[in-house]
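**Student:** The following block contains the structure, expressed as structure tokens.
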Amino acid sequence: MIPRRRLPLAWADLGDALAGLFSAPARAAAEVAAFEREFAARMQVAHAFAVASGRDALGLIIDGLGLAAGDELLVPAYTLGELLPLLTGRGLVVRSADIDPASLNVTAETIRAALGAKTRAILVVHLHGAPCDIVAIAELAQAHGLPLIEDCAHAPGASVGRRPVGGFGTAALFSLEANKALAAFGGGVLATNDAQLARRVAERLASRPRGRWAEWLAIRKYLFKIVEEIVVRSPAYALLARLLFAEGRAERFERFYRRANNRVRSGGGAVAPSAFTGVQARWARRRLRQLDSRNARLDRLWRDLAAGLPPAFRAQQRDACGQPAFYNFVAAYAGNIQALRQAALGRGLDLGIGGEVMDDCARLLGETGRPGAATAFARTVLIPGWDGMSPGTARQVIDRLREAAESLR
Ligand SMILES: *Cc1c(COP(=O)(O)O)cnc(C)c1O
């Protein structure tokens, strides 16, 4: 079975884990500070704060901007649905702006159409690493005097006009989760050029506890991810995938998987708020140094996969607004994605579909009239592609995809 993704595990991670576990707390603090400095320099932002997750960074941005219950926030109609409870849980009124199904991103036009008199802030995402039209959107936000939040979870290293994404709005969030480009097996970064926001965030974070216990929780999560990766790379995964992703069962499994992951992330409630440890900083610093070569390799892989796609597929349009970074290789399939997934599983190819790729947030919010998001949700297929995928495996991906699609005609 060709799995839909591979975690970027490296032997050096183990060395980092040991070094981090046995170094003094002052050394850990210095590692975190060095990571924040290097991250800010690479992303060309004035301030970067390493925190517990991308979601944690978003929460800190919302609070730091003074957004509170009753304030209305505009979000992309097609993005990670798990962000919504974080917003509605604060009492925010969340509305969505539709996306362009070709790029899977919001545009200045869809945002303008969704703006209302009560809108207090705008959240955009560079989905699957494709920069959205952030220059036009930033101008629009500025014209309306609204703070703009960039979700760069998929896009570290992507740029627009040579400027890295993450510095165009008021603040940005990045994710250092295991499946993201800068994997620190958990963690996130809040980036901003806004001095007032930075001051508020620094105050909130000043009382963060540190210590070896936190280091151990970070390593524990890393060990969980290694176990997951061993399962995914084992021959048994072929059988497991066909069981777990059978029609009618896949959505339940997806919910279970997300819940289990969230439990590991929080250490069953033991992880302190906004914790980011020395071990995580070591992991993140190494991947930050390798980011550009990674993105270049994956850019070539993306082109190879896109060039080989069978006629029923159209790859995400990813470079209309800038230089993309790689998160997942996704394409729109003009047919039944459930049937395609089953046909692909039978041929040893593990595709992601529906909520496994991204969520129709408009639907989750109970909104209608977001045809772009509905189309994206119904058509988008996640096709295996990862750093280090060999040309032979890439060819197999395309061959099996073609066979699966042809079997359905
Ligand atoms: C992963 C992700 C986040 C935040 O991730 P955390 O898992 O909280 O670090 C935010 N937005 C999108 C679109 C994501 O995929």
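Residues are listed down the side, and each one gets a yes or a no for (1) touching a residue at least 12 places away in the same chain (Cβ under 8 Å); (2) touching a Pro at 6+ places or on another chain (Cβ under 7 Å); (3) crowded, with 16+ Cβ neighbours inside 10 Å:
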{"residue": "Arg285", "(1), (2), (3)": "yes, no, yes"}
{"residue": "Ala312", "(1), (2), (3)": "yes, no, yes"}
{"residue": "Ala325", "(1), (2), (3)": "yes, yes, yes"}
{"residue": "Asn328", "(1), (2), (3)": "yes, no, yes"}
{"residue": "Ala331", "(1), (2), (3)": "yes, no, yes"}
{"residue": "Ala334", "(1), (2), (3)": "yes, no, no"}
{"residue": "Ile337", "(1), (2), (3)": "yes, no, yes"}
{"residue": "Arg341", "(1), (2), (3)": "yes, no, yes"}
{"residue": "Ala344", "(1), (2), (3)": "yes, no, yes"}
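**Student:** For segment 371-409, which residues satisfy the criterion of being among the aliphatic types (A, V, I, L, M), touching a residue at least 40 places away in the same chain (Cβ under 8 Å) and more than 17 Å from His154 (Cβ to Cβ)? Steps first, answer last, please.
**Tutor:** Taking segment 371-409 first, the residues among the aliphatic types (A, V, I, L, M) are 373-374, 376, 378, 381-383, 389, 394, 397-398, 401, 404-405, 408.
So of that shortlist, the ones also touching a residue at least 40 places away in the same chain (Cβ under 8 Å) come out as 373, 376, 378, 381-383, 389, 394, 397-398, 401, 404-405, 408.
Result: Ala378, Met389, Ala394, Val397, Ile398, Leu401, Ala404, Ala405, Leu408.
**Student:** Being over 21 Å from the mean Cα position of the chain (by Cα), surrounded by 23 or more Cβ atoms within 10 Å (Cβ to Cβ) and either without any contact (Cβ under 8 Å) to a residue 40 or more places away in the chain or over 26 Å from Val330 (Cα atoms) (or both) is the requirement here; does Ala117 meet it?
**Tutor:** no
Conditions (1) hydrophobic (A, V, I, L, M, F, W, C); (2) closer than 18 Å to Gly59 by Cβ; (3) more than 11 Å from the ligand (Cβ to nearest atom); (4) touching a Pro at 6+ places or on another chain (Cβ under 9 Å), marked per residue:
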{"residue": "Gly166", "(1), (2), (3), (4)": "no, yes, yes, yes"}
{"residue": "Thr170", "(1), (2), (3), (4)": "no, yes, yes, yes"}
{"residue": "Glu177", "(1), (2), (3), (4)": "no, yes, no, no"}
{"residue": "Leu182", "(1), (2), (3), (4)": "yes, no, no, yes"}
{"residue": "Ala191", "(1), (2), (3), (4)": "yes, yes, yes, no"}
{"residue": "Asp194", "(1), (2), (3), (4)": "no, yes, yes, yes"}
{"residue": "Ala202", "(1), (2), (3), (4)": "yes, yes, yes, no"}
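**Student:** Hey, can you tell me all the residues within segment 354-405 that are among the aromatic types (Phe, Trp, Tyr), in a loop (DSSP other than H, G, I, E, B) and surrounded by 21 or more Cβ atoms within 10 Å (Cβ to Cβ)?
**Tutor:** So in segment 354-405, the residues among the aromatic types (Phe, Trp, Tyr) come out as 377, 386.
Keeping just the survivors that are in a loop (DSSP other than H, G, I, E, B) gives 386.
Correct list: empty.
**Student:** Sort out for me the helices (runs of 4 or more DSSP H) sitting completely within segment 151-266 that have 2 or more residues that are modelled with pLDDT of 90 or more and of a type in the set (Gly, Ala, Ser).
**Tutor:** It comes to 195-205.
**Student:** Sticking with this one: Evaluate segment 141-149: report whether one residue or more is closer than 30 Å to Gly186 by Cα, touching a helix residue (DSSP H, G or I) at 6+ places or on another chain (Cβ under 8 Å), touching a residue at least 60 places away in the same chain (Cβ under 8 Å) and among the aliphatic types (A, V, I, L, M).
**Tutor:** yes
The values are calculated or read from the model by the stated rules, or taken from the named source; none is laboratory data. In this text, all values refer to a predicted model and were calculated from it rather than measured experimentally. Cβ atoms come from the backbone with ideal geometry, glycine included; neighbour counts cover every protein chain shown.
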